[in-house]
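The values are calculated or read from the model by the stated rules, or taken from the named source; none is laboratory data. Source: prediction; values computed, not measured. Here the Cβ is made from the backbone with ideal geometry for all residues, glycine too, and neighbour counts use every protein chain on show. Just the protein is used for accessible areas: all its heavy atoms, side chains included, with ligands, DNA and RNA removed. Shrake-Rupley method; radii C 1.70, N 1.55, O 1.52, S 1.80 Å.
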Amino acid sequence: MSTHKLTIEFIINGQKRKIETTPFTRLLDLIRDDLHLTGTKEGCGKGECGACTIIMNHQLVASCLVLAPQADGAEIITIEGLGEKGKLDPIQEAFIETGAVQCGFCTPGMVLAAKKLLEENPHPNIEEIKRGISGNLCRCTGYKKIIEAINLAAKRLTQQLEEEKGKEKNV
Amino acid sequence: MSKMYVGENIIKVDSKEKVIGKALYPDDLSFEGMLYLKIKRAVHPHAILRKLDISKAEKLPGIVKIITAADIPWVKNFGLIIKDQPVLIGIGQKMRYMGDALAIVIAENKEIASQALRLIEVEVEKLEVISDPIRAIEKDAPPIHNNGNILATHYLEKGNIEKGFAQADLIVDKEYRTSFLDHIPLQVESGLGVFDAKTEVITIWAATQWIHDTQADMAQALGLPKEKIRIIQPAIGGAFGKREDISVHLHLALAAMLTKRPVKLTYTREESMITQSKRHAFIVRAKTGATKTGYLTAWQVEVIGDTGAYASSGPAVVRKGLYHCTGPYNVPNVKGVAYTIYTNNTYAGAMRGFGTTQMAFAYESQMDILAFELGIDPVRFRLQNAYEIGSSTPNQQILNTSVGVKDTIQEAARMANWKEESR
Amino acid sequence: MKNQEGQYFSPQQIPEALEILSKYGKEIKIIAGGSDLLVQYHDRLYEIAGWLDLKNLTELKKIELNSSEVSIGAMITHSQLEKSPQIKNYFPILSRAAAEIGSPQIRNRGTIGGNIVNASPAGDLLSPLIAYEAKLVLLSSDEKNIIPAEQFFTGPKKTILKPNQLLTQIILPLPPQNCYSSWVKVGKRKALAISTIALAMVVKMSEDNQIIQGAKVCLSSIAPTPLEIKEVREEMIGKTFSQVNFTKLAQLVEDKISPIDDIRGTKEYRKEVARRIMIHCLEEIYSCWRDKCLPIN
């Protein structure tokens with residue numbers, strides 16, 4: 001029975017949080033029900049669909065397969081934590097521009113998978129993109145547009161990085 | 001011609017809120033003091049309910065109420081085309097598939113509701129389970145519904161089938177079977193219900209592909225005027241035909257009415273697959289005649305569509321499949337019959353293509369076999385039989401504009417680097 | 001973190017973990033990555049009496065290499081196995097098998113220890129581990145046991161692990177200079193597929209790289225446990241590659257297995273595919289051997 005409470009601490013989207021939970025609560029439920037960050041979705045509850053994808057300790061994970069206490073001390077990014085100062089992340093922008101969003105239910109997980117992929121591999125080829133999002137299902141079958149979006153975001157991020165480098169040189 | 005929108009890249013109005021995770025889907029919504037529902041489902045695919053004991057489950061701390069058929073005698077069946085689906089199975093009534101609902105469990109949280117499901121005791125009198133439509137139409141098969149297991153029969157006739165076969169140099173006679181498919185929209189069925197005691201209006205936040213039909217169907221099932229039912233569509237995580245049927249709606253409405261508190265019901269993925277509609281499994285028996293020179297002369301089909309336990313869109317889907325029996329190919333003589341059959345499988349309804357994809361498997365396979373047997377290249381064989389302006393379909397509609405099938409076949413062959421086979 | 005009820009333990013040290021197991025081993029569940037356990041207990045987590053979470057046991061998160069063996073901590077994830085230079089270098093098919101598990105999300109959480117203890121007949125790492133002659137370190141508060149991996153599994157989801165024991169390390173003997181391996185997993189799709197059948201093969205050659213001195217073929221998803229076809233060893237050892245009949249060996253594999261029909265494949269399909277992937281693996285190994293023997297000028 002889940003009446004047993006414990007307190008955990010973690011950083012989520014840059015904010016330090018201390019919260020009471022139980023050893024039988026999934027991290028997904030903690031994020032959705034207790035923190036009201038409902039951008040993280042549940043599609044299957046078994047790690048098959050990727051809708052609950054978050055970035056935990058710099059790694060892509062399925063939050064339905066993590067116990068809340070396992071996140072004690074972790075650093076977590078959910079879809080709500082992307083972008084800076086009210087500006088969208090370039091990946092989010094690319095998803096909008098290429099029409100990579102249909103029903104939108106896979107989108108938060110897809111965007112985070114893309115984020116992680118591009119962090120680790122800024123110039124992925126199509127096969128690498130496919131592998132990077134292989135844990136995320138899109139049932140509207142919008143994969144072509146999603147791959148296009150990730151490609152576009154990769155190009156923009158590279159360009160951005162080069163421009164920043166250029167500026168540094170000028171300074 | 002205006003170029004606005006066509007061929008243009010238009011930014012979707014809701015894409016921003018979706019990429020930032022702010023779009024609200026049913027399960028993302030909540031109300032203060034909200035209760036959670038779970039549904040006790042059938043324990044056998046075909047059985048008469050003899051006993052339903054909720055006493056142990058009711059005693060579980062945190063259980064607010066458990067609704068059974070005995071609590072709602074005024075409620076009627078529902079359904080898209082035929083009202084054959086019960087809201088809750090009562091004592092002495094039949095469960096017809098594993099998705100049939102026996103009780104609505106209402107609890108303070110999801111976990112207690114789940115635990116209570118396991119405490120409900122059910123006794124049934126088992127009947128023969130019919131999982132094969134061929135068995136369903138045998139004379140001694142037990143009827144799943146009162147009027148027997150053949151729900152609908154549709155016929156199709158064009159030209160003279162005997163004459164067509166007489167003109168044929170080659171006749172190919174084959175049987176094709178397709179399987180059930182789930183749409184698996186990424187969001188499972190989910191919704192919220194609120195009953196306003198003052199106005200007696202029930203508001204439901206849940207997906208439907210037929211908002212007014214769902215409203216009307218709910219109203220007739222609950223014995224209420226339509227204006228007492230309000231349905232609000234939140235963002236929807238995919239549909240593909242699966243959300244044409246009522247899912248959480250009636251159970252939410254009843255729970256909200258009887259508890260006077262906001263209620264939420266979200267299926268598990270397993271529950272979604274067991275309970276809600278499927279693409280029909282088809283058996284297609286196709287007999288096709290063609291001349292030595294590769295022209296189709298006759299096409300006869302028998303279609304058996306397994307519509308599962310309830311009608312849903314079944315009669316329309318299977319009929320639509322029948323009408324597409326020859327695909328995009330000219331056939332002067334066509335004869336067909338289609339049966340929509342009840343079984344104890346999960347009911348089948350609408351899904352992308354509405355019966356035509358199953359037929360495509362049959363007719364394109366027939367075309368390949370015919371081309372092979374005739375020694376004609378399969379692309380050329382298709383092209384010389386394909387529809388063009390002026391062609392007539394099996395149900396004798398004359399196509400008078402925008403017939404793109406030949407271009408499509410040619411483009412597909414080009415993209416596949418198709419080289420004509422010489423045999 | 002404090003836990004008043006004693007329901008969730010996350011010790012920092014192995015002895016502490018063993019102590020907890022000796023007290024509560026029968027009731028509580030050991031959780032590593034959770035990628036199998038939380039699937040099994042989906043929607044009924046409340047049935048679990050308590051957890052021993054291994055996440056703080058840093059001792060179990062190391063890959064250590066010495067002159068004769070590699071020791072892999074049970075908490076090493078599939079992603080780490082996939083990317084580890086030592087594993088890639090010495091045990092390439094273990095790295096490949098890890099790379100084909102589930103999805104990025106699963107590989108980042110799932111662990112080698114979990115894959116072993118879960119003892120699924122389809123466990124992706126099990127065949128390569130047995131083919132590489134892995135040994136498992138089982139610790140309890142009173143003893144340490146080191147056993148060959150193939151003796152660990154007794155049935156589907158069944159092992160010899162006692163409630164007071166913890167799998168801490170997987171020890172792999174360093175292969176000789178001339179060692180060749182191949183791995184094939186057949187599933188319904190590339191990602192998130194539970195294997196329909198998988199085959200791991202490791203061949204060890206003499207110092208002059210001419211005589212076969214060791215040959216291990218292990219299959220999964222064809223029996224209640226991962227299964228080594230020991231007869232292959234007898235057919236290959238002491239011979240040169242030119243003396244080995246691939247077709248005959250593949251037929252041997254097909255004949256020696258008796259798989260069952262299930263949702264992922266029929267008995268007939270599995271037997272047929274076993275034969276074909278055996279040929280594939282032999283050919284891959286042979287071509288690696290040939291490339292090494294006859295370097296392209």
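Working note: Cα atoms of the stretch B:1-83, range along each principal axis, descending, whole Å: 66, 37, 26.
Taking the DSSP beta bridges in chain C as the whole, what percent of them are antiparallel, to the nearest 5? Intermediate values should be presented prior to the final figure.
Working: 40 of 45 bridges.
In chain C, approximately 90 percent of DSSP beta bridges are antiparallel ones.
Converting the Cα gyration tensor eigenvalues of the stretch C:59-173 into ellipsoid dimensions via √(5λ) gives semi-axes, longest first, of 20, 17, 13 Å.
Using the scaling law 2.2 N^0.38 Å as the reference, what is the normalised Cα Rg of the protein assembly as shown?
So the protein assembly as shown has a normalised radius of gyration of 1.05.
The value obtained for chain C, namely the Cα convex hull volume divided by the number of residues, is 141 Å³ per residue.
Assuming R0 = 35 Å, can you tell me the calculated FRET efficiency for the pair A:LYS85 and A:LYS5, based on Cβ-Cβ distance, to the nearest 0.05?
With R0 = 35 Å, the Cβ-Cβ based efficiency is 0.45.
Can you tell me the relative contact order of chain A? Whole percent, Cα pairs under 8 Å, sequence separation 6 or more.
21 percent.
Each of A:ILE129, A:ASN57, A:LEU6 was placed along the dipole of chain A (beta-carbon charges, centred on the mean Cα), and the one lying farthest toward the positive end is A:ILE129.
Work out the length of the dipole vector of the stretch C:101-179 about its Cα centre, built from +1 on the beta-carbon of each Lys and Arg and -1 on the beta-carbon of each Asp and Glu, and round it to the nearest 20 debye.
220
Contact-buried residues of the stretch C:34-71, at a threshold of 40 Å² lost accessible area versus the chain by itself: C:LEU38, C:VAL39, C:HIS42, C:ASP43, C:LEU45, C:TYR46, C:TRP51, C:LYS55 (1.4 Å probe; DNA, RNA and ligands ignored). If you wrap the Cα atoms of the stretch A:6-81 in a convex hull and average its projected area over all directions, you get 4.2 nm². Hydrodynamic estimate: the Kirkwood radius of chain A over Cα pairs, inserted into Stokes-Einstein at 10 °C and 1.306 mPa s, corresponds to D of 94 µm²/s.
Expressed as a fraction of 2.2 N^0.38 Å, the value expected for a compact globular protein of N residues, the C-alpha radius of gyration of the stretch C:8-53 is 1.16.
Pairs exceeding a 30 Å alpha-carbon distance, out of A:LYS46/A:LYS144; C:LYS135/C:LYS157; A:LYS16/C:LYS144; A:LYS16/B:LYS22: A:LYS16/C:LYS144. With a simple spin-label model that places each label point 7 Å from the Cα along the Cα-to-Cβ direction, the separation between C:LYS158 and B:GLN167 comes to 6.8 nm. Restricting the GluC sites (Glu not before Pro) of the stretch C:199-286 to loop positions (DSSP other than H, G, I, E, B) with no more than 11 neighbouring Cβ atoms within 10 Å leaves C:GLU207. Compared with the dominant principal axis of the Cα atoms in chain B, helix B:314-323 is inclined by about 10°.
Residue separation of B:SER30 and B:ASP140 scaled by 0.36 nm, minus their Cα-Cα distance, works out to 34.5 nm of gained length.
Straight-distance candidates among the aspartates and glutamates for linking to C:LYS26, with alpha-carbon spacing under 16 Å and chain neighbours fewer than 8 residues away dropped: C:GLU47, C:ASP53. Using protein chains only (no ligands, no nucleic acids) and a 1.4 Å probe, work out which residues of the stretch A:67-91 have their accessible area cut by at least 20 Å² relative to the chain alone. When all protein chains are present, A:LEU67, A:PRO69, A:GLN70, A:ASP72, A:ILE79, A:GLU80, A:LEU88 each give up 20 Å² or more of accessible surface.
For the stretch C:176-297, the spread of Cα positions along the three principal axes, ordered from largest to smallest, is 47, 30, 22 Å. Within chain A, the whole DSSP H helices whose Cα atoms reach 15 Å or more along their own axis and whose mean Kyte-Doolittle score is at least 0.0 are A:107-120. Under 14 Å from a point 7 Å along the Cα-to-Cβ line of B:VAL337: which residues of the stretch B:289-323 have their amide N that close? Residues passing the 14 Å test: B:300-305. To the nearest 10 degrees, how steeply does helix B:405-415 sit against the main Cα axis of chain B, on a 0 to 90 scale? Helix B:405-415 sits at roughly 90 degrees to that axis.
Buried surface for the A/B pair, taken as the accessible area of each chain alone minus that of the pair with a 1.4 Å probe, is close to 2500 Å² in total.
Each Lys and Arg contributes +1 and each Asp and Glu -1, all at the Cβ; summed about the Cα centre of the protein assembly as shown, the dipole is approximately 620 debye.
Taking a point 7 Å from the Cα of C:ARG189 along the Cα-to-Cβ direction, the residues of the stretch B:227-250 with backbone N closer than 19 Å to it are B:237-242. Rolling a 1.4 Å probe over the protein heavy atoms gives the protein assembly as shown an accessible area of 44 Å² per residue. The simple Förster model, with R0 at 25 Å and r as the Cβ-Cβ distance, assigns C:ARG276 and C:GLU231 a FRET efficiency of 0.85. In whole percent, how big is the carbon plus sulfur part of the accessible area of the stretch C:59-173, probe 1.4 Å, protein atoms only? Solvent-exposed carbon and sulfur of the stretch C:59-173 make up 49 percent of the total. Gyration tensor analysis over the Cα atoms of the stretch B:74-158 returns equivalent ellipsoid semi-axes of 33, 17, 12 Å (largest first, whole Å). For chain A, with all protein chains in place and a probe radius of 1.4 Å, 49% of the accessible heavy-atom surface sits on carbon or sulfur.
Per residue of B:233-240, count partner chain C-beta atoms within 10 Å of its C-beta, then hand back the mean as an integer.
4
For the stretch B:99-245, just say rounded, prolate or oblate: build the C-alpha gyration tensor, square-root its eigenvalues into a ≥ b ≥ c, call rounded for a/c under 1.5, and beyond that prolate if a/b exceeds b/c, oblate if not. Because a/c hits 1.5 or more and a/b exceeds b/c, the stretch B:99-245 counts as prolate.
Measuring how big the stretch A:90-170 is from its alpha-carbon positions, Rg and Dmax come out at 13.2, 48 Å. Report the A-C buried area as the accessible area lost on both sides summed, probe 1.4 Å, in Å² to the nearest 100. Its buried surface, counting both partners, is about 2900 Å². Against the main long axis of the alpha-carbon atoms of chain C, helix C:267-293 sits at an angle near 70°. Summary value for chain B: 19 percent relative contact order, contacts being C-alpha pairs under 8 angstrom separated by 6+ residues. The value given for chain B is a Kirkwood hydrodynamic radius of 24.0 Å, derived from the mean inverse Cα-Cα separation.
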